Amino acid sequence: MTVRALSERVLAGEPRAIARAISLIEDEDPAGAELVRRIFAHTGRAYLAGVTGAPGAGKSTLVDRLIGELRRGGRTVGVVAVDPTSPFSGGAILGDRVRMQAHVADPGVFIRSMATRGHLGGLARATAEAALVLDAAGRDVVLIETVGVGQDEVDIVRAADVSIVVLVPGSGDEVQALKAGIMEIADIFVINKADREGADRTAASIEALLSLESFGDGRWRPPIVKTEATTGRGVAELAEAIERFRAHTASRLGERRRARAEFRVKELLAHRFVRHVSDHVLAAGEFEALLDRIAARETDPYSVADDIVARALGWPTGAGGSVDGRRPDIQVRLDHVGIAVADVNEALAFYRDALGLGIEAPEDVASQRVRAHFIPAGETAIELLEATAGDSPIAKYVATRGPGLHHITLRVDDIRAALARLKSKGVRLIDAEPRPGAHGSLVAFIHPSSAHGVLVELKQA
Ligand SMILES: Nc1nc2c(ncn2[C@@H]2O[C@H](COP(=O)(O)OP(=O)(O)OP(=O)(O)O)[C@@H](O)[C@H]2O)c(=O)[nH]1
Ligand SMILES: [Mg+2]
């Protein structure tokens, strides 16, 4: 089936298409990325609820109860459960299916487990994209269950519209959660297994933590809901707390989703960049060799990273010392090549008609008595220079040397810094100070005697 057909079936809400789509995403299949692109415009309607907590806290049982609550309210539900115990989703499906068995036959409920391991692009990405599929498939609410143990989980929960943190009495969970950075992202606290001893004490310690913060200015104060997932006690209160949070944050949902988009784009960028580096920048085995050199203290991680960034972006490496992951001060790129022509129509016949290049409208540079015809050519350009008066420097050039290469122009970010550097290296400059050029640019010329017979123009846009 084509990705297009698959995405149409996902949009129609077909369970088998949803399952297939999520598998593509899990497998890092390029078709999965293509599918996400196709369905993205149709997402953003579902409400995403993240449920996190320690292993065995009763998350799945609670999610199962929440599904029941939501179904009674007439909502359709999608569930993405991240199972930490099984390396393969096959095992996970079984475990969560058992917990959420009551809903297996309900077409209004779609439950999918994800393995925690084997996600090159990150578990958070795979989970978020699986949630997008369920969103596109028209599920009203998507519940994301994940074990709160590390950064991955924090990222997953952060990606939800509401973050529910499940704690268990007497387990010291709240301390663990605090360490993992999960306390800060909780919108609702659940103390599950409230039938056990110590529920009130756990509630009191969360209260104590919350009291350290001020919740003025209509800021949401996370409520603490006690539940007993096995019997369903307290679940209606939890559903109600979710609704209250949803109403409270309705006006700020866009902001939250924007933050989510920012996180997602940055994550994708990092992922794409690393992949580009390993596919196109580093030679086979080079990365390992660099690691060996770092281990032997022959180089350091910062220099290695800077060097790789510079190489990936085509910046000069090594010479200028550390680029600190940012663009070096003096970055040089070929802006254009200037050609002095005797007969512009003949020249245009070659560049435009024979080579097939596009020509921009000519521009007169009165001070030089030239007319410049710009011909964009890929990342750089060709500039045909036609004299407009007998005393034009171009006319003199053509008269003494004949038509041909007149100058090359190098684009720099900071022309003053470039001139200072050239001067310090003993380069002979025609212009010690930059002067105004076309289109509000600044330009300066380097003498051909220093540039091996070529007139070099520096230009800062
Ligand atoms: N006593 C009691 N047991 C509960 C409660 N909720 C869940 N359990 C039990 O706790 C165990 C774990 O429940 P799960 O729902 O699988 O917990 P989980 O957090 O999803 O577990 P993982 O996904 O493996 O991290 C099961 O035996 C549940 O029956 C509760 O409120 N009280
Ligand atoms: Mg579970």
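The values are calculated or read from the model by the stated rules, or taken from the named source; none is laboratory data. Remember, predicted model here, so these are calculated numbers, not experimental data. Neighbour counts are summed over all protein chains in view; Cβ atoms, including those assigned to glycine, are modelled from backbone coordinates with ideal geometry. For the accessible areas, the whole protein counts, side chains as well, though only heavy atoms, and no ligand, DNA or RNA atoms are used. Shrake-Rupley method; radii C 1.70, N 1.55, O 1.52, S 1.80 Å.
For the range 243-291, the convex hull drawn through the C-alpha positions has a volume of 97 cubic angstrom per residue. Dipole magnitude for the chain: about 460 debye, using +1 per Lys or Arg Cβ and -1 per Asp or Glu Cβ, origin at the Cα centre.
In plain terms, the chain from Glu255 to Ala12 could stretch by 84.6 nm, reckoned as 0.36 nm per residue minus the Cα-Cα distance. Using the Cβ atoms and a cut-off under 11 Å, what net charge is assigned to the surroundings of Val365, where Lys and Arg are +1 and Asp and Glu are -1? Summing Lys/Arg as +1 and Asp/Glu as -1 gives -2. Neighbours of Arg221 by Cβ distance under 14 Å: Lys/Arg scored +1, Asp/Glu scored -1, total -3. Note on Lys423 and Ala354: the model spin-label points, each 7 Å out from Cα along the C-beta direction, lie 4.4 nm apart. Spin-label model, Ile430/Arg246: points 7 Å from Cα along the beta carbon direction are separated by 7.0 nm. Rolling a 1.4 Å probe over the protein chains gives Val412 an accessible area of about 10 Å². Placing R0 at 51 angstrom, the Cβ-Cβ distance between Asp200 and Val265 gives a FRET efficiency of 0.70 after rounding to 0.05. Sorting 73-81, 415-423 by their mean Cβ neighbour count within 10 Å, with the most densely packed peptide first, gives 73-81, 415-423.
Maximal additional length on extending the Asp300-Asp106 stretch stands at 64.1 nm, based on 0.36 nm per residue less the C-alpha distance. Rounded to two decimals, the Cα-based Rg/Rh of the chain, with Kirkwood Rh, is 1.17.
In this rough spin-label picture, where each label sits 7 Å from Cα along the Cβ direction, the Glu28-Glu346 distance is 5.9 nm. Which of Val3, Ile111, Gly440 sits closest to the plus end of the dipole of the chain, meaning its Cα is farthest towards the positive end, when Lys and Arg get +1 and Asp and Glu get -1 on the C-beta? Projecting each Cα onto the dipole axis, the largest value belongs to Ile111.
Considering the range 275-434, its Cα convex hull presents a mean projected area of 13.5 nm². Computed over Cα pairs, the Kirkwood radius of the range 164-297 leads via Stokes-Einstein (1.002 mPa s, 20 °C) to a diffusion coefficient of 116 µm² per second. Of all beta bridges that DSSP places with both ends in the chain, some 40 percent have antiparallel geometry. Each other residue within a Cβ distance under 12 Å of Ala136 adds +1 if Lys or Arg and -1 if Asp or Glu, for a net charge of +1.
Would you kindly state how much longer the chain becomes between Arg401 and Ala389 on full extension, computed as 0.36 nm times their sequence separation minus their alpha carbon distance, in nm to one decimal? Here the segment from Arg401 to Ala389 would lengthen by 2.6 nm. Here the contact order of the chain, divided by its residue count and restricted to Cα pairs under 8 Å and six or more residues apart, works out to 10 percent.
Here the translational diffusion coefficient of the range 355-427 follows from Stokes-Einstein with Rh set to the Kirkwood radius across Cα pairs; for 25 °C and 0.890 mPa s it amounts to 170 µm²/s.
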